[in-house]
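Could you have a look at this structure, given as structure tokens, before my questions?
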Amino acid sequence: MDFSLSDEQLALQETARRFAREEVAPVAADYDRRAEFPRALIEKAWELGLLNTVIGESYGGLGLGSVDACLVAEEIAWGCGGIATSVVANDLALTPIVVAGSEDQKREWLSPCVDRFLLVAFCLSEPAAGSDVAGLQLLAEKDGDDYVLNGTKSWITNGGEADLFTVFATLDRSARHRGLCAFVVPADSPGIEVGKKEDKMGQRASDTRVLHFDGVRVPAAQRLGGEGEGFRVAMQTLDTSRPPIAAMATGMAQRALDEAVGYAQERQAFGSPIGSFQGVQFILADMAKGIEASRLLTHQSAWMVDQGQPASKYSSMAKCFATDTAMQATTDAVQVFGGNGYTMEYPVEKLMRDAKLMQIYEGTNQIQRMVIARQLLGG
Ligand code: CAA
């Protein structure tokens, strides 16, 4: 067993770390306060090769794996959760093409993302179908060689900024998961209306939208996989996208620990730094062990993805464990900072707000427990 990273991985991690510390962290609070999407910064991430980690070398990509993607996600999330979500969600949105696209489709849709800065959004959730993917309602009706899409998507990350969407629709609502289909849809297709931007509690730099599809015509050549295969495409996508989410959570928790340790060494109470008191020491120790365990489980799940092993259970365990740990660690960091932690002058309240979303998106942690339990019980 070898826990060390390769020279290439260390170099990638260093690039992401420098970007996060020098360019993301200093502006994170401002973008968060203004709820503004940092387009130029995301473009810089693309220039540095930190976007599109899922694009293979045959399509012009860097041929990175899931462990590599996790190294990038952890570092950027250390700098800002919202900005990291904008980066990681782009890879999530490309994954259905990687999972189910034909050679021609991969060449047509993946390669341009390497040649120029394009953003992609993953359109799965709907107003009445977040956890229940098989219950989604956006209808795809066959019309000659085309499909016509009608319906609404919600909570779509990068929705107002994307050039391309990967969209999940149903051919037959009564067929539940067997009726689903996945498509690649250019964002400027007639009939797509970008709806309201969500005013969120945290991760406010990321762009989260409602999208309306009104008679959007999509050629059959843009269908990913066969009719009725959309559910499998969505699940396989989420199996590979959850480790980077766990890595993001680990990055946020690490930032919370770094901030809390620094504060505990400086802040004086009863004539000593507060870090000299066991009450604070135990909080920091619990944060540190939770973070290490998150990182190990995250890297193991990513390694399984890279090995082509069935990874659902481990991806769900990593996502659930790391995001619960991030929620606890960021809340604990606010506690260590006391009254100061509850103000916007210090960075930890943002970490706590940002961490909350990690337990909700990419499948709530209740859904992750369901996936794990079903595999344990053979359901
Ligand atoms: N891989 C391949 N096939 C799978 C699979 C997987 N991981 N999981 C299930 N399947 C297959 C099953 O074997 C079953 O096959 P059969 O047709 O042969 O029976 C079929 O798919 C149906 O499976 P289930 O009975 O398990 O389906 P279900 O309706 O009970 O739902 C679920 C399963 C796990 C709850 C699923 O709906 C789910 O993952 N929900 C969460 C959705 C989610 O994560 N959304 C995130 C949105 S993206 C986002 O948040 C990103 C962002 O903004 C940044």
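What angle, in degrees between 0 and 90 and rounded to the nearest 10, separates the Cα long axis of helix 66-79 from the longest principal axis of the Cα atoms of the chain?
50
Report the percentage of all Cα-Cα pairs in the chain whose separation exceeds 29 Å, rounded to a whole percent.
Values: 28884 of 71631 pairs.
The share of Cα pairs beyond 29 Å in the chain comes to 40 percent.
Nearest 500 deg cm²/dmol is fine: what mean residue ellipticity at 222 nm does the chain get from its DSSP H runs of n ≥ 4 alone, each adding -39,500 (n - 2.57), divided by its residue count? Don't jump to the answer; show the numbers that get you there.
Working: 12 runs with 194 residues, N = 379.
Calculated mean residue ellipticity at 222 nm is -17000 deg cm²/dmol.
Then there's this: For segment 276-352, count the residues as N, evaluate 2.2 N^0.38 Å, and divide the Cα radius of gyration by that value, please. Spell out each step's value before the answer.
Details: Rg = 15.5 Å, N = 77, 2.2 N^0.38 = 11.5 Å.
That works out to 1.35 for segment 276-352.
If you don't mind, there's one more thing I want to ask. Projecting each Cα onto the charge dipole of the chain (Lys/Arg +1, Asp/Glu -1 at the beta carbon, about the Cα centre), which of S86, P26, Q300 comes out farthest on the positive side?
Q300
Oh, and also: What percentage of the solvent-accessible surface of segment 238-351, computed with a 1.4 Å probe over protein heavy atoms, is contributed by carbon and sulfur atoms? Please report the intermediate quantities before stating the final value.
Working: 2780 of 4970 Å².
Looking at segment 238-351 in its full context, I get 56 percent from C and S.
Please list, by residue number, every one of the trypsin sites (Lys or Arg not before Pro) in segment 276-379 that is coil in DSSP and has at most 11 other beta-carbon atoms within 10 Å. Can you show the working numbers first?
Working: sites: K289, R295, K313, K319, K350, R353, K356, R369, R374; in loops: none.
Loop-located and lightly packed - none at all.
Separate question: Suppose all protein chains stay in the model; what accessible area per residue would a 1.4 Å probe give for the chain, in Å²?
Values: 16330 Å² over 379 residues.
Per residue, the chain has 43 Å² of solvent-accessible surface.
Right, next: Can you check how the C-alpha radius of gyration of segment 235-379 compares to 2.2 N^0.38 Å, as a plain ratio? Please report the intermediate quantities before stating the final value.
Working: Rg = 16.9 Å, N = 145, 2.2 N^0.38 = 14.6 Å.
After normalising by residue count via 2.2 N^0.38 Å, the value is 1.16.
Only Lys, Arg, Asp and Glu count, each charged at its Cβ (+1, +1, -1, -1), so figure out the dipole size of the chain about its Cα centre, rounded to 20 debye.
Numbers: 35 positive and 50 negative charges, 206 e Å.
Around 980 debye, computed over the chain.
Sticking with this structure for a sec: Using only Cα atoms, what is the ratio of the radius of gyration of segment 178-246 to 2.2 N^0.38 Å? Display every interim value, and only then the final one.
On the way: Rg = 15.0 Å, N = 69, 2.2 N^0.38 = 11.0 Å.
Against the compact-globule rule of thumb, the ratio is 1.36.
May I have the count of lysine pairs in the chain with C-alpha atoms under 16 Å apart, counting pairs 8 or more residues apart or located on different chains? Don't skip to the end; give the middle numbers.
Numbers: K153/K196; K153/K197; K200/K350; K200/K356; K319/K356.
Qualifying lysine pairs in the chain: 5.
Just going by the charge dipole of segment 1-152, with Lys and Arg at +1 and Asp and Glu at -1 on Cβ, which of G60, A134, V120 is farthest out on the positive end?
About the Cα centre, the residue reaching furthest to the positive side is V120.
If you count, for each residue, the other Cβ atoms within 10 Å and average over each peptide, how do 123-131, 4-12 line up from highest to lowest? Mind showing how you got there, number by number?
Working: 123-131: 18.6, 4-12: 12.8.
Those peptides, ordered most packed to least, come out 123-131, 4-12.
For segment 298-374, give the magnitude of the charge dipole about the Cα centre (Cβ charges: +1 Lys/Arg, -1 Asp/Glu; no others), in debye to the nearest 20.
Details: 7 positive and 7 negative charges, 69 e Å.
In debye, rounded to 20, segment 298-374 gives about 340.
Semi-axes of segment 155-205's equivalent ellipsoid from the Cα gyration tensor, sqrt of 5 times each eigenvalue, largest first, rounded to whole Å?
Largest first, segment 155-205 gives 25, 16, 9 Å.
Taking the inverse of the average 1/r across all pairs of different Cα atoms in segment 209-312, what Kirkwood radius in Å do you get? Can you show the working numbers first?
On the way: mean 1/r = 0.0563 Å⁻¹.
Kirkwood hydrodynamic radius for segment 209-312: 17.8 Å.
Can you sort M248, M201, M370 by 1.4 Å-probe accessible area, starting with the largest?
Working: M248 0, M201 125, M370 85 Å².
Sorted descending by solvent-accessible area, the residues read M201, M370, M248.
Where does segment 224-270 land on Rg/Rh, using Cα atoms and the Kirkwood Rh? Mind dumping the intermediate values first?
Details: Rg = 20.4 Å, Rh = 13.9 Å.
Value, to two decimals: 1.47.
Hey, what angle do you get for helix 348-358 against the long axis of the chain, alpha-carbon based, 0 to 90 degrees rounded to 10?
The two axes meet at around 30 degrees.
While we're here: For segment 1-155, which semi-axes, largest first and in whole Å, follow from the square roots of 5 times the eigenvalues of its Cα gyration tensor?
The answer is 30, 21, 15 Å, longest axis first.
Further question on the same structure: Report, as a whole number in µm² per second, the diffusion coefficient that Stokes-Einstein gives for segment 103-214 at 20 °C and 1.002 mPa s using the Kirkwood radius over alpha carbon pairs. Don't skip to the end; give the middle numbers.
On the way: Rh = 14.7 Å.
After rounding, the answer is 146 µm²/s.
Sticking with this one: For the chain, find the longest principal axis of its Cα atoms and tell me its angle to the long axis of helix 230-266, 0 to 90°, nearest 10.
The answer is roughly 20 degrees.
Let me ask you something else. Just to confirm my numbers, what's the Cα centroid distance between segment 36-74 and segment 236-293 in Å?
Rounded to whole Å, the Cα centres lie 26 Å apart.
Computing the accessible area with a 1.4 Å probe over protein heavy atoms, can you report the carbon and sulfur percentage for segment 96-151? Working shown, then result.
Numbers: 1060 of 2350 Å².
Carbon and sulfur: 45 percent of the exposed surface of segment 96-151.
Here's something else I'd like to know. Just order 72-80, 177-185, 320-328 by mean Cβ neighbour count inside 10 Å, highest at the front, would you?
Numbers: 72-80: 29.1, 177-185: 22.3, 320-328: 24.9.
So the peptides 72-80, 177-185, 320-328, ranked by packing, come out 72-80, 320-328, 177-185.
The values are calculated or read from the model by the stated rules, or taken from the named source; none is laboratory data. Computed from a prediction, not measured in an experiment: that's the story for all the values here. Using ideal geometry, Cβ is built from the backbone for each residue, glycine included, and neighbour counts are taken over all protein chains shown. We work out accessible area using only protein heavy atoms, side chains counted, and drop any ligands, DNA or RNA first. Shrake-Rupley method; radii C 1.70, N 1.55, O 1.52, S 1.80 Å.
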